[in-house]
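Q: Input: one structure, supplied below.
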Amino acid sequence: MTSASLHEILDSWQAAEADPARRARLDRLGFARAALSLGHATLASEILREPVALGAANVEMRYVAALAAARIGALRQAQALVEGVLHDGVDGDLRIDALSLAGRIAKDRWARLRDGPPRDEAGREAVARYREAWSVSRNPFPGINAATMLRLVGGADEASRAVAQDVRAVARVDATIPLHWREATLGEAALLLGDGEAAAVHYAAAVAAARPRIGDIASMRRQLRLLGLRMAIPAAVREALAIPRVAAFTGHMFDAPGRTPPRFPLSLEEVVAGELVARIEAANIGFAHCSAACGGDLLFIEALLARGAEVHVVLPFERDDFVATSVAFAGERWTARFDRALARVASVGYGVREHYLGDDSLFAYAGALVHGAAVLHARELESEPVLVALVDEASERRSGGSVDLLSEWRARGREVECIDLSVLRGRGGVAAAAEVATSPPAPASTPNEPKLQREVRTMLFADMVGYSRLAEQDTPAFMTHFLGTIAGIIEHSASPPGFVNTWGDGLFMEFDDVAAGARFALLLRDAVARSDWTARGLPQATAIRIGMHTGPVFRAFDPLIGRENYFGSHVIRAARIEPVAPPGSIYVSAELASVLAAHGVDEFAADFLGTLPLAKSYGSERLYRLRNAHEAE
């Protein structure tokens, strides 16, 4: 199963999802392991979610689920799973693996925390877990991690070198270790022993043996990043561990019929296609996130598919409307190429699944989702994303347009591969373009055009856990203290919500800035958790659950409450996330996590939870847990 491609795994999983009998026969463990080896911990987590939640997972399944949770940063979930495995008294290789994973979870907590006693404690726990696994097994994997953690916690360099020396001696003669892990272990030991040249040779051999297991190479890169906190890493070692890059793309469409002077005429197709192939190869792009308009998008997708790369597409709205606005005007040949390309990409997502309705803001929203997904994907692979931009920078900057997205990417200090259309026009003998105000062609069959247009907003829903069990005499305390606490946070917030509504214990807030919404949610969570509720006449277990989503909504005057309110399917989605969040947690949509990542806001972290069912049978969505970046969880 480890040799299966991502397409094979996804096709089998999706077929099983639609067929209960096939789902019952699915080799979930094999598929989850295969997904992990290809760098898709999120998919592995989702494959195992149901049997783990129902208590039907065997001990090996729970171990793999813990490993997947650790790789996506859900440390509390990972620790609970692995502690359960160890509590069951497993022995042999699985016990060694579980002890090693417990060490890795503690190591990840150490990496997240700021300097101080909690970080020191996590470091000591990681050393203890790894050393126990090494001492009872002489397995080089926990051994090399023990050596590395001894170096990282500080004050134990000699002990680190002694363990590294012993590990190297064992790894050199242990033929049972998979070749790529054996070479990675020898490379890490060489680094700890000060032999950078030997380390580079071993790491290069590890990468060659690991392909296509990108997830395993990402683990090697993650370990190297941590070592870089305490020692200089030779350039040759970093080069040896290079992997294909993750790219986002933005680019102009082909010129609409009648555009003069031209910007991207159809006659430039071959020139642009050749330039894209050259840039993709030079940047070593193996993973990409983009849209699929005729012109730059589709040429980029075709070049990547020819290279065997993994491509993820986001359309801003319903597929037929997208074809009408962004593909069909170039001719039937391009519509056919669009269909062929989307049949071969790894995934197709949507900004909204509803109709276009003339809302150009949806293009900017989809662009943020594309860019954020690339940032999150690169982060998972311990890499930095690159933006490939096909633009004429003399074009007017419009929200969501290619020049706008390029400017946003540059403002975040991220790497750019920019292809200048004005240069390519000169190469192709096409006259220079002046900016002409044009809009995408409207769909041929757009539904009745509304007077209102959607605006992208961040929505927060919250409620008090246990409110329905309050006695009647406790209601005044709830109104005064619980709602009063929230009112105080709003009053003193530097970026308060633009809209607030309540019903019973329910809260609905709206923010026009995603970072402001995330910051407020964390303040709200912490204020409720810190409060002494018994002193205020409420149960000590009083807690809050919070759900959030960023998406396009309608804003209009609500005659029932006498002021503006927010409406639409994305408001409902946000409301359906909140009830599935545990007390004291903030669950957010994949869209909110992507927009945060696109905006380069480093003070927050979002840990993937899986594709979870929402409240009131509203379907299932990919959800993340929001936290401060330096919280262990």
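The values are calculated or read from the model by the stated rules, or taken from the named source; none is laboratory data. Keep in mind that what you see is a predicted model, and the values were worked out from it rather than measured. Ideal geometry is used to build each Cβ from the backbone, glycine not excepted, and the neighbour counts take in all protein chains shown. Surface areas here come from the heavy atoms of the whole protein model, side chains and all, with no ligands, DNA or RNA. Shrake-Rupley method; radii C 1.70, N 1.55, O 1.52, S 1.80 Å.
Q: Quick one: compute a quarter of the convex hull surface over the Cα atoms of region 129-186 and quote it in nm². All intermediate terms of the calculation are to be shown ahead of the outcome.
A: Values: hull surface 14.5 nm².
Over all viewing directions, region 129-186 projects a mean Cα-hull area of 3.6 nm².
Q: In addition: Only Lys, Arg, Asp and Glu count, each charged at its Cβ (+1, +1, -1, -1), so figure out the dipole size of region 508-604 about its Cα centre, rounded to 20 debye. Please list the in-between numbers first.
A: Details: 9 positive and 11 negative charges, 68 e Å.
Dipole about the Cα centre, nearest 20: 320 debye.
Q: Using only C-alpha atoms and all pairs of different ones, pull out the Kirkwood radius for region 1-160 in Å with one decimal.
A: Numbers: mean 1/r = 0.0602 Å⁻¹.
This gives a value of 16.6 Å.
Q: Place a +1 charge on the Cβ of each Lys and Arg in region 184-294 and a -1 charge on the Cβ of each Asp and Glu, then give the dipole magnitude about the Cα centre in debye, rounded to the nearest 20.
A: Values: 11 positive and 10 negative charges, 82 e Å.
Roughly 400 debye for region 184-294.
Q: Could you give the accessible area per residue of region 283-417, probe 1.4 Å, as a whole number in Å²? List each step's numbers first, then the result.
A: Values: 4610 Å² over 135 residues.
Averaged over the residues of region 283-417, the accessible area is 34 Å².
Q: Using heavy-atom solvent-accessible surface (probe 1.4 Å) with all chains present, what is the largest-first order of Cys418, Cys290?
A: Cys418, Cys290
Q: Tell me, what is the per residue accessible area of region 182-279 in Å², probe radius 1.4 Å? Don't skip to the end; give the middle numbers.
A: Details: 3730 Å² over 98 residues.
Here the residues of region 182-279 average 38 Å² of exposed surface.
Q: I would also like to ask the following. Which whole-angstrom value gives the distance between the alpha carbon centres of region 49-123 and region 407-423?
A: 40
Q: Restricting to Cα pairs below 8 Å that are 6+ residues apart, what does the relative contact order work out to for the chain? Please round to a whole percent.
A: Numbers: 1104 pairs, mean separation 67.1, N = 633.
Dividing the mean separation by the residue count of the chain yields 11 percent.
Q: Let me ask something additional. Where does each of Glu384, Glu183, Glu603, Glu270 land when they are ordered by accessible area, with a 1.4 Å probe and the largest first?
A: Details: Glu384 130, Glu183 25, Glu603 80, Glu270 160 Å².
Ranking Glu384, Glu183, Glu603, Glu270 by accessible area, largest first, yields Glu270, Glu384, Glu603, Glu183.
Q: Let me ask you something else. Beyond 14 Å, what percent of the Cα pairs of region 542-592 remain?
A: On the way: 721 of 1275 pairs.
Pairs farther apart than 14 Å: 57 percent.
Q: Send over a whole-number figure in Å² for the accessible area per residue of region 14-108, probe 1.4 Å. Don't jump to the answer; show the numbers that get you there.
A: On the way: 3740 Å² over 95 residues.
Accessible surface, normalised per residue, equals 39 Å².
Q: Which value, in Å² rounded to 10, gives the accessible area of Tyr63 with a 1.4 Å probe and all protein chains present?
A: Surface accessible to solvent at Tyr63 totals approximately 20 Å².
Q: Between Lys616 and His355, with labels modelled 7 Å along Cα→Cβ, what's the label distance in nm to one decimal, could you check?
A: 2.4
Q: Take the Cα of Glu393, step 7 Å along the line toward its Cβ, and report every residue of region 286-317 whose backbone nitrogen sits under 14 Å from that point.
A: none
Q: While we're here: With 15 Å as the cut-off, how large is the P(r) tail for region 306-355, expressed as percent of Cα-Cα pairs? Each step should come with its number before you reach the end.
A: Values: 595 of 1225 pairs.
Result: 49 percent of Cα pairs exceed 15 Å.
Q: Oh, and also: Based on Cα positions only, what radius of gyration and what Dmax would you give for the chain, in angstroms?
A: Expressed in Å, the Cα Rg and Dmax of the chain come to 26.3, 82.
Q: Moving on to the next point. Rounding to the nearest 20 debye, state how big the charge dipole of the chain is about its Cα centre with +1 on each Lys and Arg Cβ and -1 on each Asp and Glu Cβ.
A: Numbers: 68 positive and 79 negative charges, 204 e Å.
Roughly 980 debye, rounded to the nearest 20.
Q: Roll a 1.4 angstrom probe over the protein heavy atoms and tell me the percent of accessible area of the chain that is carbon or sulfur. Walk me through the numbers before you get to the answer.
A: Details: 13500 of 26330 Å².
Answer for the chain is 51 percent, counting heavy atoms of protein chains only.
Q: Work from the charge dipole of the chain (Cβ charges, +1 for Lys and Arg, -1 for Asp and Glu, about the Cα centre) and give the residue of Val167, Val391, Ala236 farthest towards its positive end.
A: After comparing all options, I get Val167.
Q: Still on this structure, please answer the following. Let me check the size of region 138-272 from its C-alpha atoms; what are the radius of gyration and Dmax in Å?
A: 22.2, 74
Q: For Leu191, what charge total do you get from the other residues with a beta carbon under 12 Å from its beta carbon, if Lys and Arg give +1 and Asp and Glu give -1? Mind showing how you got there, number by number?
A: Numbers: positive: Arg151, Arg161, Arg168, Arg230, Arg238; negative: Glu188, Asp195, Glu197.
So the environment of Leu191 carries a net charge of +2.
Q: Work out the charge dipole of the chain with +1 on the Cβ of Lys and Arg and -1 on the Cβ of Asp and Glu about the Cα centre, then indicate which of Ile177, Ala462, Ala24 is farthest towards its positive end.
A: So the residue furthest toward the plus end is Ile177.
Q: Roughly how large, in nm² to one decimal, is the mean projection of the convex hull of the alpha-carbon atoms in region 263-379? The partial results should precede the final answer.
A: Values: hull surface 29.3 nm².
Value for region 263-379: 7.3 nm².
Q: Given Phe141, Ala80, Gly92, which one lies farthest toward the positive end of the charge dipole of region 51-152, if we put +1 on the Cβ of every Lys and Arg and -1 on the Cβ of every Asp and Glu?
A: Phe141
Q: If you don't mind, there's one more thing I want to ask. For the full complex of protein chains and a 1.4 angstrom probe, list Glu354, Glu578 by accessible area with the highest value first.
A: Glu354, Glu578
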